[in-house]
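In what follows, a structure is listed as C-alpha cells, so that the remarks can point back to it.
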Amino acid sequence: MMDEDPAPGSTGEDRFRAFRQAEALVQQRRPLDALKALKPLLEEEADKPSVQLLAGRAYFHSAQLRRAESALTRVLEMDPTDHYARFVLGRTLQRLGRLVEALTQMRIAAAMNPIPEYLEAIGEVRARITLRD
C-alpha cells in the first residue's frame, strides 16, 4: 500500500525503511551514517517531528550541536509536549555551555515525565552551575 502522496521516486515503504535504518544506526552510535540514511527524509518530510527528532539525536551524537539545537527546537515548535525532545535539547544546550537554558529544558522534561535519567541530569547541571558561580 502506498502513501497518499509519496514523494517522486519514493514510496511510503521506502521512507519507513530509511527511517528505521537511521534509527538503528543512531542506536549503534553511527550518527553520520544515520544522517546519510535520513537525508531523503529530511528533504521530503522535514515537517515530521519524528524525522526532526531522529536528526537531532544524530546531530547530537556527532557533536553537530547547533544543528541538533535547530532540529530539536523545530520538534518542540511542532509538538511542545515532547519531553524526550526537551531532554535532548537540554543535553545539547549543556554541551554548548548554556547551562541555565539546559536546566530549564530538563526541568520541563522531568515535570512531564519524572524518570531517573532526567532527574539525574538536572542534578548534574545544577552542580555545574554551582561550581561555575
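Rule-based calculations on the coordinates, nothing more; no lab input. Keep in mind that what you see is a predicted model, and the values were worked out from it rather than measured. Here the Cβ is made from the backbone with ideal geometry for all residues, glycine too, and neighbour counts use every protein chain on show.
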Look through region 77-116, keep the residues that are surrounded by 14 or more Cβ atoms within 10 Å (Cβ to Cβ), under 15 Å from the mean Cα position of the chain (by Cα) and of a type in the set (Val, Ile, Thr), and return whichever of them is nearest to residue 26 (Cα to Cα). 88
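Quick one: would you say residue 127 is aliphatic (A, V, I, L, M) and not in a helix (DSSP H, G or I)?
Working: aliphatic (A, V, I, L, M): yes; not in a helix (DSSP H, G or I): no.
No: the conditions fail for residue 127.
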I need the full set of residues from region 52-76 which are more than 9 Å from the chain's Cα centre (by Cα) and over 19 Å from residue 113 (Cα atoms), in order please. 61, 62, 63, 64, 65, 66, 67, 70, 74
Conditions first: (1) more than 27 Å from residue 13 (Cα to Cα); (2) surrounded by 21 or more Cβ atoms within 10 Å (Cβ to Cβ). Residue 52 passes all but one, so which condition is the exception? (1)
